[in-house]
1. Quote to one decimal, in nm, the extra length available between L35 and L78 on full extension: 0.36 nm per residue of separation minus the C-alpha distance between them.
2. How fast does segment 19-65 diffuse by Stokes-Einstein, in µm²/s, taking the Kirkwood radius from C-alpha pairs at 20 °C and 1.002 mPa s?
3. Could you rank the peptides 27-35, 52-60, 75-83 by their average count of other C-beta atoms within 10 Å per residue, with the highest value first?
4. Exposure proxy check: D91, D26 ranked by fewest other beta carbons within 10 Å?
Amino acid sequence: MSSEKQKLWWPRYLKSPVQILYWEADELAPMLLGLVFSIIIKSIFPLILGIGTTILLVKLKRHLPRGFLYNVAYLVGLHRIKRMPYYVQKDFKK
């Protein structure tokens, strides 16, 4: 091994989401899920539904504040925020 330090790749913005081509990972997921289901059931409808969902999600994310979809997922009960009570929880321990 040489005495020179190896240059390691370091992301420019640590909190930025993973981006694949034009889309972020959470925007690309419905399209890929639709592609997988369309291959499994041999129909084009899930792919069209996945592409439509991706388009709607991109438009929705562009016009709403950052983190809005995570908060909606929390309100619906799909996403749990650490050290936070459930949205519908009425009784608390002291």
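Rule-based calculations on the coordinates, nothing more; no lab input. Note that the structure is a prediction, hence the values are computed from the model and not measured. Please note: Cβ atoms are built from the backbone with ideal geometry, for glycine as well, and neighbour counts cover all protein chains shown.
1. 13.2 nm
2. Values: Rh = 10.9 Å.
Diffusion coefficient, whole number: 197 µm²/s.
3. Numbers: 27-35: 17.4, 52-60: 14.3, 75-83: 9.0.
In descending order of packing, they fall as 27-35, 52-60, 75-83.
4. Listing D91, D26 from fewest to most nearby Cβ atoms yields D91, D26.
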